[in-house]
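Structure, as structure tokens:
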Amino acid sequence: MTVTVTQARCLYGDEYRRTPECGLEHREFYFVEELTFADADAILAMMRELCPQMVDGHLPVWVRNLAYRLGLLQRPDEPVLMREAALNLSMHGPDRDDIAEDLRNRADALEAG
């Protein structure tokens, strides 16, 4: 488990596990800084651990959107990640449906070749 997952769990809670007694000082700006500089594997591990069914979990929508955006910046040509990010955007409100559709179209184009 990475520091990012621990910080997220301590800040926002976890639908599936108790909040750990880690003794660290958790503040949202520390978490955002950690997330900003995390690699894509750590970001995706956090998302999949804290929101395994995509519609669940206690992470705020803005954290989910930021996490996927940061992951896509590191892996811009990964269709599976594009579709996962698009699904996340679609599930959490219509505000970003155009971006979700663009991600799905880009994923389709990459897979087509």
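Bear in mind that the values in this text are calculations on the coordinates, not laboratory data. Remember, it's a predicted structure, so these values are computed and weren't measured experimentally. So basically every Cβ, Gly included, is an ideal-geometry build from the backbone, and we count neighbours across all protein chains shown.
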Mean residue ellipticity (222 nm) of the chain, computed from DSSP H runs ≥ 4 via -39,500 (n - 2.57), nearest 500: -20000 deg cm²/dmol
Using the Cα centre of the chain as origin and beta-carbon charges of +1 (Lys, Arg) and -1 (Asp, Glu), tell me which of Met47, Leu72, Cys10 is placed farthest towards the positive end of the dipole. Cys10
Please go through segment 14-112 and write out the GluC sites (Glu not before Pro) that DSSP classes as loop and that have at most 16 other C-beta atoms within 10 Å. Glu15, Glu21, Glu25
Just to compare against my own numbers: the Cα pair-distance distribution for segment 3-112, 5 Å bins, whole % per bin, please. 2, 12, 23, 22, 19, 11, 6, 3, 1, 0
Under a plain spin-label model, where a point goes 7 Å from the Cα along Cα-to-Cβ, how far apart in nm are Cys22 and Ala109? 3.9 nm
Quote the charge dipole size of the chain about the Cα centre in Debye, to the nearest 20; the model charges only the Cβ of Lys and Arg (+1) and of Asp and Glu (-1). 180 debye
